[in-house]
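A short write-up of the structure that comes next.
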Amino acid sequence: MKKSRKVFQNAVIVGVVAWLLLFVFLPNLMIIGTSFLPRDDVTLVQGVFTLNNYSRLLDPLYVQVLLHSLNMALIATLCCLALGYPFAFILARLPQKLQPLLLFLLVVPFWTNSLIRVYGLKLFLSTRGYLNDALLSIGLIDQPLRIMYTSGAVILGLVYILLPFMVLPLYSSIEKLDRPCLEAARDLGANKLQTFIRIIVPLTMPGIIAGCLLVLLPAMGVFYVADLLGGAKNLLIGNVIKSQFLNIRDWPFGAATSICLTLAMGLLLLVYYRVTQLLNRQEGLV
């Protein structure tokens, strides 16, 4: 019995490792290799080593797109944090019977493809959409608002898609708060604001950082949100990668751009790991 169980465990491990090597490691290795090759109009790439693809990223045009993408991703992250923290805090304070239901309602949108949901948001925000029709019918506006194809529409779409990624880690951190610690702060004379700033925020900082990373990293690469809601003037770095692969057919430069984006994500994850270690060390000293 033990021998058959060990054989099964080894088979599962071998299968998982083979899957990761074939569908994760090998494609990423191909992307890395392609990023160091020049473009060819016939065969897509040439077998000559070059660093021109990475040097092109220093072009002011692509630097501007990167900064614009980072700016919009940061704004979307802050909006998700401002909306998600109160929601997660209230959710964690509700009776235990209601929490699973609300978490279920939060996760339900994931059952529908995000692209379809963005199309639905586009219909809602368009000039002849439901929002403008409602505002016109109640007399708040005289003419339809132009919301589509603006930076605000892209940020709204990013918040709409990524808000659950902020709420879930925040809820996990808030739900684990040490209640006696909060009661001790109240007994020592701290008001609600002081308790929130000095106790709750530091204790939930790992959830805040995790939620910000889970929103910030995808927000820079969700190209279809910018395509459908932002137009040509509100591109994200993901739109540049998509256009290089599918439209311009410059696979090496698209690969180099995606590698740089991956490295930036890895750097942010490293920062999260270091900050989490520092916070855990401080909690241990306390």
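The values are calculated or read from the model by the stated rules, or taken from the named source; none is laboratory data. A quick note: this is a predicted structure, and the numbers were derived from the prediction, not measured. Positions of Cβ are generated from backbone atoms using ideal geometry, with glycine treated the same way; all protein chains shown enter the neighbour counts. Ligands, DNA and RNA are excluded from the accessible area calculation, which covers all protein heavy atoms including side chains. Shrake-Rupley method; radii C 1.70, N 1.55, O 1.52, S 1.80 Å.
I'd like to check one number: the per residue accessible area of region 64-174, probe 1.4 Å, reported in Å² as a whole number.
Spelled out: the 1.4 Å probe surface of region 64-174, per residue, equals 58 Å².
Just checking my list [x] 1.25; [y] 0.96; [z] 1.66 against Cα Rg over 2.2 N^0.38 Å computed from this structure; which label fits?
[x]
How much of the calculated P(r) for region 170-213 lies past 18 Å, in percent of all Cα pairs?
So the portion of pairs separated by more than 18 Å is 27 percent.
Helix hunt in the chain: which complete DSSP H runs extend at least 24 Å axially by C-alpha with mean Kyte-Doolittle at least 1.6?
Helices passing the filter in the chain: 151-175.
Would you kindly find the accessible area of Ser55, with a 1.4 Å probe and non-protein molecules such as ligands, DNA and RNA excluded, rounding to the nearest 10 Å²?
60
Quick one: length gained pulling Ala134 to Lys233 fully straight, 0.36 nm per residue minus the C-alpha distance?
32.8 nm
Calculate, for Ala82 and Phe25, the FRET efficiency according to 1/(1 + (r/R0)^6) with r their C-beta to C-beta distance and R0 30 Å; round to the nearest 0.05.
Step by step, r from the Cβ atoms, then E = 0.20.
Just to compare against my own numbers: the Cα pair-distance distribution for region 4-63, 5 Å bins, whole % per bin, please.
4, 15, 13, 14, 13, 10, 8, 7, 6, 5, 3, 1, 0
Roll a 1.4 angstrom probe over the protein heavy atoms and tell me the percent of accessible area of the chain that is carbon or sulfur.
70
If you stretched the chain out fully between Leu268 and Leu188, how much longer would it get, using 0.36 nm times the residue separation minus the C-alpha to C-alpha distance?
25.0 nm
In nm, to one decimal, how far is the Leu102 label point from the Asn247 one, both placed 7 Å along Cα→Cβ?
Here the answer is 4.2 nm between the modelled labels.
Rank-order 15-27, 249-261, 190-202 by packing density, defined as the average count of other C-beta atoms within 10 Å over each peptide's residues, highest first.
Top of the packing list down: 249-261, 190-202, 15-27.
With a cap of 13 neighbouring Cβ atoms within 10 Å, and only residues DSSP puts in a loop, list the trypsin sites (Lys or Arg not before Pro) found in region 27-131.
When the trypsin sites (Lys or Arg not before Pro) of region 27-131 are filtered for loop state and at most 13 Cβ neighbours within 10 Å, Lys97, Arg128 remain.
With every protein chain present, what accessible area does Leu105 have (1.4 Å probe, heavy atoms only), rounded to the nearest 10 Å²?
In the full protein context, Leu105 sits at about 100 Å².
What nm value, rounded to one decimal, do you get for the distance between Lys176 and Val275 when each label is placed 7 Å out toward the C-beta?
Spacing of the two 7 Å Cα→Cβ label points: 1.6 nm.
Spin-label point model (7 Å from Cα, Cβ direction): what's the Ile141 to Val7 distance in nm?
6.8
Determine the distance separating the Cα centre of region 103-125 from the Cα centre of region 218-286; give it in Å without decimals.
So the separation of the two Cα centres works out to 22 Å.
Using just the helices of the chain, give the 222 nm mean residue ellipticity in deg cm²/dmol: DSSP H runs with n ≥ 4 each add -39,500 (n - 2.57), and the total is spread over all residues, rounded to 500.
Calculated from helices alone, the mean residue ellipticity at 222 nm is -22500 deg cm²/dmol.
Across bins of 10 angstrom width beginning at 0, how are the C-alpha pair distances of region 108-163 distributed, in whole percent?
In whole percents, the pair-distance histogram is 23, 47, 25, 5.
Let's see if you can work this out: charge +1 on each Lys and Arg Cβ, -1 on each Asp and Glu Cβ, no other charges. What is the dipole magnitude of the chain about its Cα centre, in debye to the nearest 20?
840
Given the protein chains as shown and a 1.4 Å probe, how many square angstrom of Cys181 are accessible, to the nearest 10?
Counting only protein heavy atoms, the figure is 50 Å².
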